[in-house]
Amino acid sequence: MARPVLLLTRKLPAAIEARAARDYDAKLNTADEPWYRDGAEIARRATAAGAAGVLCAAGDPMNAATITALPATVKAIATFSVGFDHIDLAAAKARGIVVTNTPEVLSFATAECAFTLMLMAARRAGEGERMVRAHQWEGWAPTQLMGVTLEGKALGIAGFGRIGRELAAMARGFRMNIHYRDLHRAPPELEQGATFHDNDDSFLAAIDILSMHMPGGDATRKWLNAERLGRMRKGAIVINTGRGGSVDDAALVSALRSGHIRAAGLDVYDGEPRIHDGYFGLENVALLPHLGSATEETRDAMGHRALENLDAVLMHGRPAPHRVA
Ligand code: DGY
């Protein structure tokens with residue numbers, strides 16, 4: 001029997017490309033050529049190949065126009081990401097196309113990244129590294145680059161899903177007090193003593209460090225705006241490893257400039273890879289290039305998860321285990 005055709009929009013880890021090539025008539029993008037940035041080109045390639053599935057990735061423009069232009073052969077879209085705000089689910093549903101993501105396997109890695117940024121921001125690690133690399137370090141000094149400790153601080157987790165809960169587990173090891181904001185209170189076994197807030201006001205006023213783990217999309221767009229920043233304690237820290245669109249960049253830049261917000265650590269950006277110019281002139285912000293899930297172990301696990309979903313739909317006629325539409 002002919003193997004189903006699978007279009008991969010991005011270069012993926014070697015083990016994942018090998019598995020895809022073994023099980024599918026796989027159309028790989030081994031050079032990671034940038035055609036994936038153009039939805040019309042994704043649809044054109046899917047049509048030319050007669051693709052049954054598309055394995056896409058975070059940021060690919062899988063909007064309504066792209067999905068509408070896909071050929072009728074396409075039965076499944078698997079995204080190599082937990083986030084699926086780049087996919088128009090309604091358009092996929094209207095076409096009867098199954099959409100899947102890769103939950104769970106990247107929770108620890110993404111929490112690790114948030115923790116890295118938290119330490120960088122609190123301990124001024126980026127500033128210190130830049131000083132050393134610029135040959136400007138003149139030796140130890142009692143008052144040089146003093147940061148703040150995480151010990152005993154109130155960590156506010158906005159979005160208490162799997163990633164947020166992994167971060168809470170790490171933070172307990174640093175003797176931090178955990179607060180969280182979500183739509184619903186978590187059961188005690190997940191909450192593990194963390195304090196639930198059912199409104200933004202009490203949450204933002206209670207915390208020293210905000211770590212954002214919200215899904216992207218219209219509902220969370222520019223959630224962290226000037227008004228919410230204003231409700232945070234003076235000298236608080238902001239971390240975002242969720243989606244860049246949840247932050248009003250102009251408002252955060254202004255709060256970082258004034259010192260109302262002591263420091264920030266960002267891994268994701270509104271309209272990335274474009275980054276708001278204001279951040280580049282600030283020493284008190286640590287900027288990472290969307291590294292949240294970027295470990296060898298995690299990226300392999302994400303690829304296997306994406307392929308398990310495609311296998312279910314395209315090879316076994318079974319429900320996809322991680323279906324989002
Ligand atoms: C995701 O999985 O949504 C990440 O942002 C990409 O690693």
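Quick check on my filter: what residues within segment 2-20 are of a type in the set (A, V, I, L, M, F, W, C) and closer than 19 Å to residue 74 by Cβ?
Those that are of a type in the set (A, V, I, L, M, F, W, C) and closer than 19 Å to residue 74 by Cβ: 2, 5, 6, 7, 8, 12, 20.
Could you grab the pairs with beta carbons closer than 6 Å, sequence gap of 6+ or different chains, first residue in segment 138-166 and closer than 18 Å to residue 203 by Cα, second one among the polar types (S, T, N, Q) and surrounded by fewer than 18 Cβ atoms within 10 Å (Cβ to Cβ)?
154/177
Would you confirm whether or not segment 134-147 contains a residue that is under 18 Å from the mean Cα position of the chain (by Cα) and assigned to a loop (DSSP other than H, G, I, E, B)?
No, every residue in segment 134-147 fails to be under 18 Å from the mean Cα position of the chain (by Cα) and assigned to a loop (DSSP other than H, G, I, E, B).
Being open to solvent by less than 10 Å² (accessible area, probe 1.4 Å) and within 16 Å of the ligand (Cβ to nearest atom) is the requirement here; does residue 60 meet it?
Answer is yes for this residue.
Suppose we filter 42, 77 for residues that are open to solvent by less than 30 Å² (accessible area, probe 1.4 Å), touching a strand residue (DSSP E or B) at 6+ places or on another chain (Cβ under 8 Å), within 16 Å of the ligand (Cβ to nearest atom) and not assigned by TED's automatic domain parsing to the domain that holds residue 274; which single one remains?
It is 77.
Take residue 151 and decide whether it is surrounded by fewer than 18 Cβ atoms within 10 Å (Cβ to Cβ) and in contact with a Lys or Arg (Cβ under 6 Å, 6 or more places away or on another chain).
In short, yes.
If you take the residues of segment 154-181 that are open to solvent by less than 50 Å² (accessible area, probe 1.4 Å) and part of a loop (DSSP other than H, G, I, E, B), which of them is nearest to residue 239 (Cα to Cα)?
So, considering only residues that are open to solvent by less than 50 Å² (accessible area, probe 1.4 Å) and part of a loop (DSSP other than H, G, I, E, B), the one nearest to residue 239 (Cα to Cα) is 159.
Cβ-Cβ below 9 Å, separation at least six or inter-chain, first residue in segment 81-95 and hydroxyl-bearing (Ser, Thr, Tyr), second open to solvent by 50 Å² or more (accessible area, probe 1.4 Å): which pairs?
81/59
Restricting attention to segment 93-132, which residues are over 30 Å from residue 147 (Cα atoms) and within 16 Å of the ligand (Cβ to nearest atom)?
99, 100, 101, 102, 103, 104, 105
May I ask you to list the residues in segment 80-104 that are buried (at least 24 other Cβ atoms within 10 Å of the Cβ), under 25 Å from residue 289 (Cβ atoms) and touching a helix residue (DSSP H, G or I) at 6+ places or on another chain (Cβ under 7 Å)?
The answer is 80, 102.
The values are calculated or read from the model by the stated rules, or taken from the named source; none is laboratory data. Since we're looking at a predicted model, the values are computed, not measured. Please note: Cβ atoms are built from the backbone with ideal geometry, for glycine as well, and neighbour counts cover all protein chains shown. Accessible surface is based on the protein model in full, side chains and every heavy atom, while ligands, DNA and RNA are left aside. Shrake-Rupley method; radii C 1.70, N 1.55, O 1.52, S 1.80 Å.
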